[in-house]
1. Name the residue, out of Ile137, Ile149, Ile155, that is on the phi < 0 side of the Ramachandran plot and open to solvent by less than 30 Å² (accessible area, probe 1.4 Å).
2. Applying the selection to segment 168-181, what residues are more than 9 Å from the ligand (Cβ to nearest atom) and either surrounded by fewer than 22 Cβ atoms within 10 Å (Cβ to Cβ) or in a strand (DSSP E or B) (or both)?
3. Would you be able to tell me the number of residues in segment 147-163 that are in contact (Cβ under 8 Å) with a residue 40 or more places away in the chain and more than 13 Å from the ligand (Cβ to nearest atom)?
4. Counting only residues that are touching a residue at least 60 places away in the same chain (Cβ under 8 Å), polar (S, T, N, Q) and in a helix (DSSP H, G or I), which one in segment 88-116 is farthest from Gly293 (Cα to Cα)?
5. Just wondering, is there one or more residues in segment 56-73 that are open to solvent by 50 Å² or more (accessible area, probe 1.4 Å) and either modelled with pLDDT under 95 or assigned to a helix (DSSP H, G or I) (or both)?
6. Residue check, Ala247 against (1) free of Cβ contacts under 8 Å to residues at least 40 places away in the same chain; (2) farther than 29 Å from Pro13 by Cβ, all met but one. Which one?
7. I'd like to verify a number: residues in segment 9-36 that are touching a His at 6+ places or on another chain (Cβ under 9 Å) and either under 21 Å from Asn66 (Cα atoms) or part of a strand (DSSP E or B) (or both), how many?
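The values are calculated or read from the model by the stated rules, or taken from the named source; none is laboratory data. The shown structure was predicted, so the numbers you read here are calculated from the model rather than taken from an experiment. A quick note on method: Cβ atoms are made from the backbone with ideal geometry, for glycine too, and the neighbour counts reach across all protein chains shown. The protein model used for the area step is the full one, side chains on, heavy atoms only, and it has no ligands, DNA or RNA in it. Shrake-Rupley method; radii C 1.70, N 1.55, O 1.52, S 1.80 Å.
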Amino acid sequence: MSALSTLQPISHPMFTRHKISVQVKRDDQIDKVISGNKWRKLKYNLLHAKAINAKGIITFGGSFSNHIHACALACKQQQLSAIGIIRGEEDNQDNYTLAWAKNWGMQLSFVDRKTYRLRNEKSYLQHLQQQYPDYLIVPEGGSNALALIGMAEVIDELNQQSEFDTLLSPVGSGGTLAGLISADKNQHKILGISVLKQDGYLVKQVNDLLPEHAKAHTNWQLMSQYHGGGYAKFSAQDAQRIRSFSAVVGIDFEPVYSGKMILALLDLMSTGYFPAHHRIVLLHTGGLQGLAGMFERGILNPNEWPSLPAPPVR
Ligand SMILES: *Cc1c(COP(=O)(O)O)cnc(C)c1O
């Protein structure tokens, strides 16, 4: 499992006007199916599972989770079994994300919200481990110490590919951002764009994930004003702005993660946040499979968004 994703320069009239340069780190292209940052975060988890001779992986996610979708296929490719503990009702078990996960052999176990909330509790995890002694337990979103090692490789690659000033990334659980911070030698500014409505716990969560040597890094910031209403929430107008941006630059983004980073970029630029000649890199974390669930629920019109591989025959 190795990846060197492309760094692609993009142009947009606004970049010209503000005299800034923008490149996109195309982690969305690492694999046709496995979402970019989830691929990075799973890499060393799966290698570890193999190294300790685990039978497979147990992990957690919602019904539309990019992580569940990615983990199911990655495990299949690595000949590991996969168990997904899914928040919520079995009603969703035939949606696009879960239908694919099942198709790739993931065993789904649906738990109510109260049980799902225990997913990081020590006693719950010990019990789960006793139930499945041969499995490696990976947290929701894949965010653990091994995930950070995988994400760090983005910075190693970028250091070989280009000089730049600021790296932008969408932030959910914080594992992606923590991995980027951990590898950066304080030479770039790293801006995390929170996609959740949150009240400060995320900064602590990122700090808790950071390895000792990186806890003193001060070159990063979490921006919490671009969640657009909360996780997976967005206005029709914001969705339209993301589609227009995609059309101009020729790269697809979705409105849950990478699209919110785009809205943040446009807003920051228009307020003069980036000085002239600033060099920006956007981390495209992937996540396009998540569009399917929004088509299924009528939240987005499939004719206005990129098409996805057809669902498996159910
Ligand atoms: C999971 C995900 C993120 C957020 O990553 P975290 O490590 O949880 O912060 C960003 N973009 C996409 C496409 C994702 O699937």
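1. Ile155
2. If the condition is that a residue be more than 9 Å from the ligand (Cβ to nearest atom) and either surrounded by fewer than 22 Cβ atoms within 10 Å (Cβ to Cβ) or in a strand (DSSP E or B) (or both), then Leu168 is the only one that fits.
3. Number satisfying all stated conditions: 7.
4. Asn103
5. No, segment 56-73 contains no residue that is open to solvent by 50 Å² or more (accessible area, probe 1.4 Å) and either modelled with pLDDT under 95 or assigned to a helix (DSSP H, G or I) (or both).
6. Tallying (1) free of Cβ contacts under 8 Å to residues at least 40 places away in the same chain; (2) farther than 29 Å from Pro13 by Cβ, Ala247 fails exactly one: (2).
7. 12
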